[in-house]
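As structure tokens, the structure follows; a few thoughts come after it.
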Amino acid sequence: MTQGLRMMLGLWGLAAAALWLWAARDLPWPAWPPVPQGQSLDQIRMGWGLMPRGVVALLAGAALGLSGAILQVVLRNPVADPTTLGISAGAQLALVLATVFAPGLLVEGQWPIAMAGGLAAAALVLGIGARRGFAPVTMVIAGMLIGLTASAIATAVSLAQGQYLLSLVIWNGGALVQQDWTGVRHLALLLGLGAMGAALLARPLRVLSIGADGAAGLGLNVTLVRLAAVGLAVVIAAGVSAELGLIAFVGLAAPALARAMGAGGIGALLILSPVLGALILSLCDGLVLAWAGTGGQTFPTGALTGLVGGPLLIWLLPRLRGSTPPGTEAGEGPAPRLARPGPWLAGLAVALVVAAGLLLWIGRVPGGWAILDRDSLAAFLPLRLPRLVAAAGAGAALALAGTMLQRLTANPLASPEVLGVSGGAALGYAGTVFALAAPGALMLGAGTAAGGALALAVVMAFTARRDMPPERVLLAGIAVSALASAVLSAMMAVGDARAWAILAWLSGSTGAVTLPVALILAGLALVVWIAGLALSRWLALLPLGPAIAGGLGLDPRRARIVLILLAGLATGAATLVTGPLSFVGLMAPHLARRMGLARPADQLTGAALIGAGLMLAADFGARMAGFPYELPLGLFATLIGAPWLIWLMTRRSP
């Protein structure tokens, strides 16, 4: 660390201490620590609320900065942190599930539950990474997708439990509000233990930095060091999540800034990252308090930290070293190719029609399952038909968008959810709700579609300028999704009626869809399918690369723009029904390809039919599993998609 840097940090610390003393000037210092008796309301608020909050911001930021630095060192990955590896989201999900379904487990405190969730998420990510040599891109893609899935399930469960809704939404956003000094003691103990663990691991990590083979040759137990380091980072991050909720990207930003300031060695990185993490979170919390002091809305500090994470992650992409992530065409081996796909497509269409008919007739009544008679069917048809049409149309639209994106990026891990299209669509929906007093379905649809197309355009423009390989496109999309999630968290934390409307929509539901809206959605999916068939030559040439495609007479830039618009339109319309996360756009094209539907027109058609069927199944499960109450459609779609995603990413290359 340079002399100028030391001076800057020292001046920063002195300024913070001076501000602290100035703010606490009215407290009764002779009776410190303060006690509420005999104090004014302002003194109680300062001594038991704002002052511990300030210390908590410093301690939590330092802990997250240390956790991120350890993860980046042990995994040799400059974008690893508790957020990008899904650790914080795993802890969040575990706490939400325990709060809702097993509150008795919280008697011993939140920390054991958070530790279990964080360790489970880390184990899953490390299991995937170990099968691919801990490649940085693979680790981050796996971690962030698992994190997005966990966050989606936590949101859906929170929405389904109205009695916990407000507290869970605020906690999930990472609120630093304090009522006493208990949180300070907990986090101080956590940071102290983490610092001692990091000091013990500094030397082994320095040896490991020369590479796993070289470290093993020097006698280092590489597996043990990795497990110990990752375990320590998980304990630190999960402890912060248990105390404060989900605070994103501080563990990413602090080590990145430390390296930018010249911290090249592991020791310097482990020392400077906690300092910078403390300053970052303290600054963000100060901005939140300053905004609230001017009469603005109060929102959790964690929502603000997420706003800088997405741009920072995109900025770090060119510095990533890694290999092609799992699931590429080469990794999966050659897919079968049907000589006569027509009968298979016809069979899929017939199966879809039969399934829709059965779902119209089958239902649950208080006495159990039943097949509706003619009169009952006539009574229920106006209620069931619109949602079936809407679910099928949304599934087909997402599948078509996923097929186009996978061929556009030449990467079969691409999908509207992964490339940030669904996140951008969700942001467009939320922006429309906040911008207009009473937006109708048409305006909501236009705003959602525009948000999806804009998000994908940003991702493609950024990656195209830098000639990045396909896996960087995926990572840029995930960064956009993370940014959109942070903005949505800030909007929902406002707590007014618009925020609740957005939260209800995020989980996805077809219950309020009318028949005209459902028919419009189905018609839009039909239009996108026809357009895709007309552009099948483009879809066949783009996976070959821009040079070959250009040599064969295709304008890659124009083709990219047109396909981006089509995918954004389809995703935006479907997101109105399904919410921003379903993974149908990832699964359906894969299933179609593995069936032998390899040609673009055949894959588009097969994926649309499979996507419609998957979403019909999700809608049926959402209606029937919690009878007589309806569960969120997005939760069921995610539960179908998450196992597929995990299986896909854990496959070995032959």
_Taking the Cα centroid of region 187-264 and of region 536-568, what is the distance between the two, rounded to the nearest whole Å?_
43 Å
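Report the gain in length on full extension from Ala339 to Arg364: 0.36 nm times residue separation, minus Cα-Cα distance, nm rounded to one decimal.
4.7 nm
Can you tell me, using C-alpha contacts under 8 Å and at least 6 residues apart, the relative contact order of region 358-417 as a whole percent? Intermediate values should be presented prior to the final figure.
Details: 31 pairs, mean separation 11.7, N = 60.
Dividing the mean separation by the residue count of region 358-417 yields 20 percent.
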_Students often check this: by mean Cβ neighbours within 10 Å, which of 274-286, 45-57, 78-90 ranks highest, and how do the rest follow?_
78-90, 274-286, 45-57
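What full-extension length gain, to one decimal in nm, is calculated for Ala349 and Arg206 as 0.36 nm per residue of separation minus the Cα-Cα distance?
Working: separation 143, 0.36 × 143 = 51.48 nm, distance 5.89 nm.
45.6 nm is the gain from fully extending Ala349 to Arg206.
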*Take peptides 596-606, 59-69, 517-527 and line them up by average Cβ neighbours within 10 Å, highest first, as a rough protection proxy.*
59-69, 596-606, 517-527
*Between Ala199 and Val562, what FRET efficiency follows from the Cβ-Cβ distance if R0 is 60 Å, with the result rounded to 0.05?*
0.60
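Compute the signed sum of charges (Lys and Arg +1, Asp and Glu -1) over the other residues within less than 14 Å, Cβ to Cβ, of Leu208.
Working: positive: Arg76, Arg203, Arg206, Arg226; negative: Asp213.
Around Leu208, the charge tally is +3.
How high is the FRET efficiency from Glu108 to Trp644, r the C-beta distance, R0 35 Å, rounded to 0.05? Intermediate values should be presented prior to the final figure.
On the way: r = 35 Å, r/R0 = 1.01.
Result of the calculation: an efficiency of 0.50.
Full-extension gain between Ala534 and Phe101, please, as 0.36 nm times their residue separation minus the C-alpha to C-alpha distance.
150.9 nm
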_Taking 51 Å as R0, compute the FRET efficiency from the Cβ-Cβ separation of Ile548 and Asp213 and round it to 0.05._
0.85
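Order the peptides 423-435, 96-108 from the highest to the lowest mean number of other Cβ atoms within 10 Å of their residues. Kindly include the intermediate steps, with their values, before the conclusion.
On the way: 423-435: 24.1, 96-108: 13.7.
With the highest mean Cβ count within 10 Å placed first, the list reads 423-435, 96-108.
Values quoted throughout were computed directly from the atomic coordinates according to the rules given, and no laboratory measurement underlies them. None of the values given here were measured: they were computed from a predicted structure. No Cβ is skipped: glycine too gets one built from the backbone with ideal geometry, and neighbour counts run over all protein chains shown.
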